[in-house]
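K.L.:
For reference, the structure I am asking about is given below.
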Amino acid sequence: MTQRDNSDTSFGFRTVEASEKAGLVRGVFDSVAGQYDLMNDLMSGGVHRIWKSTLLDRLAPQPGQILVDVAGGTGDVAIGFLKRANGRASSELKSPASAVICDINYEMLAAGIARSAAAPFASQLTRICGDAQSLPLEDGHADAYTIAFGIRNVTDIDAALREAYRVLRPGGHFVCLEFSHPITEGMQKAYDAYSFKVIPWLGEVVANDRASYQYLIESIRKFPGQEAFAARIRKVGFSRVSYENLTGGVAALHMAWRI
Ligand SMILES: C[S@@+](CC[C@H](N)C(=O)[O-])C[C@H]1O[C@@H](n2cnc3c(N)ncnc32)[C@H](O)[C@@H]1O
């Protein structure tokens, strides 16, 4: 399914024209950028760190690799990748790993700069402002492609998946971390109660922005389930497509290879 510019799409629970969505999403992340890292910890009780650590376990970063972290925001995944791949002796490695964070939102990129400016891996990290649907990178550029909590914000998810395939070299690894669908009814109920009541309230109290956090939880509900999303990854040409539920399906890691 491809969303053309004049078709409708979802922005949370609202139906909007596809051409409007990127601007609305940009507004959300412009607004939350300054409090983004703090809010992630508060909303998830720190669990997002465990999920990202699992993503990095599955990626198994190695020196010499090139990562493209799309919708990379303030840089959790790219920074974690460089720390694991290069260790402390990053400047002494002959061919250290490198990472490119590509995010459509300048404010989110800027909010992460201070986190890496003085780090030993600073020279291996590049930030570029760009759209997941048309990455400003050449074919076969990367050994690994990651997108964490980003793809549900993209207007045309299939276009983003095609771009992931294009920028990976043959043998490259695709890993997507996204909120997903709890696997038991009890868990879904508890999760609904928590997320619809607590998260917008936290957004209002901490970030003075209830609407952006309301969008966040609504966009999670609109994202396809685990099997449906895996099928879309397969459809663009990826092989060995699999997924792993995290915290009972509250989030899921979707993995695949470009063979
Ligand atoms: C929830 S944040 C995730 C940030 C980071 N990956 C993390 O896990 O902490 C979603 C990010 O997706 C970015 N984004 C939204 N639409 C995008 C698009 N079409 N292309 C690239 N980035 C996009 C936003 O600017 C935002 O930084």
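K.L.:
Of the residues that make up region 25-41, is at least one closer than 26 Å to Pro224 by Cβ, in contact with a Phe, Trp or Tyr (Cβ under 6 Å, 6 or more places away or on another chain), within 16 Å of the ligand (Cβ to nearest atom) and at pLDDT 95 or above?
P.N.:
No, region 25-41 contains no residue that is closer than 26 Å to Pro224 by Cβ, in contact with a Phe, Trp or Tyr (Cβ under 6 Å, 6 or more places away or on another chain), within 16 Å of the ligand (Cβ to nearest atom) and at pLDDT 95 or above.
K.L.:
Additional query: Restricting attention to region 136-152, which residues are surrounded by 23 or more Cβ atoms within 10 Å (Cβ to Cβ), more than 10 Å from Ala71 (Cβ to Cβ) and of a type in the set (A, V, I, L, M)?
P.N.:
Residues satisfying the conditions are Ala142, Ala144.
K.L.:
What are the residue pairs meeting all of these: first residue in region 224-247, first residue at positive phi, second residue among the hydroxyl-bearing types (Ser, Thr, Tyr) and not in a strand (DSSP E or B), Cβ atoms under 6 Å, and 6 or more apart or on different chains?
P.N.:
Gly237/Tyr165
K.L.:
Can you spot a residue in region 223-241 that is of a type in the set (S, T, N, Q) and modelled with pLDDT of 95 or more?
P.N.:
yes
K.L.:
Okay, next question. What do you reckon, is Val68 of a type in the set (A, V, I, L, M, F, W, C), within 16 Å of the ligand (Cβ to nearest atom), closer than 19 Å to Leu177 by Cα and under 14 Å from the mean Cα position of the chain (by Cα)?
P.N.:
Here the answer is yes, as Val68 does meet what is asked.
K.L.:
Can you go through Pro120, Pro170 and tell me which one is touching a residue at least 24 places away in the same chain (Cβ under 8 Å), more than 18 Å from Asp57 (Cα to Cα), surrounded by fewer than 17 Cβ atoms within 10 Å (Cβ to Cβ) and away from the ligand (no atom under 15 Å from the Cβ)?
P.N.:
Unique residue meeting the criteria: Pro170.
K.L.:
Please specify each residue of region 93-127 satisfying the condition of being out of contact with any helix residue (DSSP H, G or I) (no Cβ under 8 Å at 6 or more places or on another chain) and part of a strand (DSSP E or B).
P.N.:
Correct list: Cys102, Thr126.
Here is a yes/no grid of residues against (1) under 24 Å from Ala22 (Cβ atoms); (2) small (Gly, Ala, Ser):
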| position | (1), (2) |
| --- | --- |
| Arg127 | yes, no |
| Gly140 | no, yes |
| His173 | no, no |
| Ile183 | no, no |
| Gly186 | no, yes |
| Ala211 | yes, yes |
| Glu218 | yes, no |
| Ser239 | no, yes |
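K.L.:
Looking at this structure, is Ser53 in contact with a Gly (Cβ under 8 Å, 6 or more places away or on another chain), of a type outside the set (D, E, K, R) and loosely packed, with under 15 Cβ neighbours inside 10 Å? It would help to see each step written out before you state the result.
P.N.:
Details: in contact with a Gly (Cβ under 8 Å, 6 or more places away or on another chain): yes; of a type outside the set (D, E, K, R): yes; loosely packed, with under 15 Cβ neighbours inside 10 Å: yes.
It is true that Ser53 is in contact with a Gly (Cβ under 8 Å, 6 or more places away or on another chain), of a type outside the set (D, E, K, R) and loosely packed, with under 15 Cβ neighbours inside 10 Å.
K.L.:
Give me the pairs, please: first residue somewhere in region 128-144 and within 16 Å of Arg26 (Cβ to Cβ), second residue anywhere and aromatic (Phe, Trp, Tyr) and within 16 Å of the ligand (Cβ to nearest atom), beta-carbon distance under 7 Å, and either six or more positions apart or on two chains.
P.N.:
Cys129/Tyr106
K.L.:
Considering each residue of region 128-145, count those that are part of a loop (DSSP other than H, G, I, E, B) and not charged (D, E, K, R), and give that number. Please lay out each step first, then the result.
P.N.:
Narrowing region 128-145 to residues part of a loop (DSSP other than H, G, I, E, B): 130, 132-133, 135-141.
Right, trim to not charged (D, E, K, R) and you get 130, 132-133, 135-137, 140-141.
Summing the residues that are part of a loop (DSSP other than H, G, I, E, B) and not charged (D, E, K, R) in region 128-145 gives 8.
K.L.:
Does Ile104 count as modelled with pLDDT of 95 or more, among the β-branched types (Val, Ile, Thr) and within 16 Å of the ligand (Cβ to nearest atom)?
P.N.:
yes
The values are calculated or read from the model by the stated rules, or taken from the named source; none is laboratory data. Bear in mind the structure is a predicted one, so any value in this text is a computation, not a measurement. FYI the Cβ positions are ideal-geometry reconstructions off the backbone, even for glycines, and counts take in every protein chain you see.
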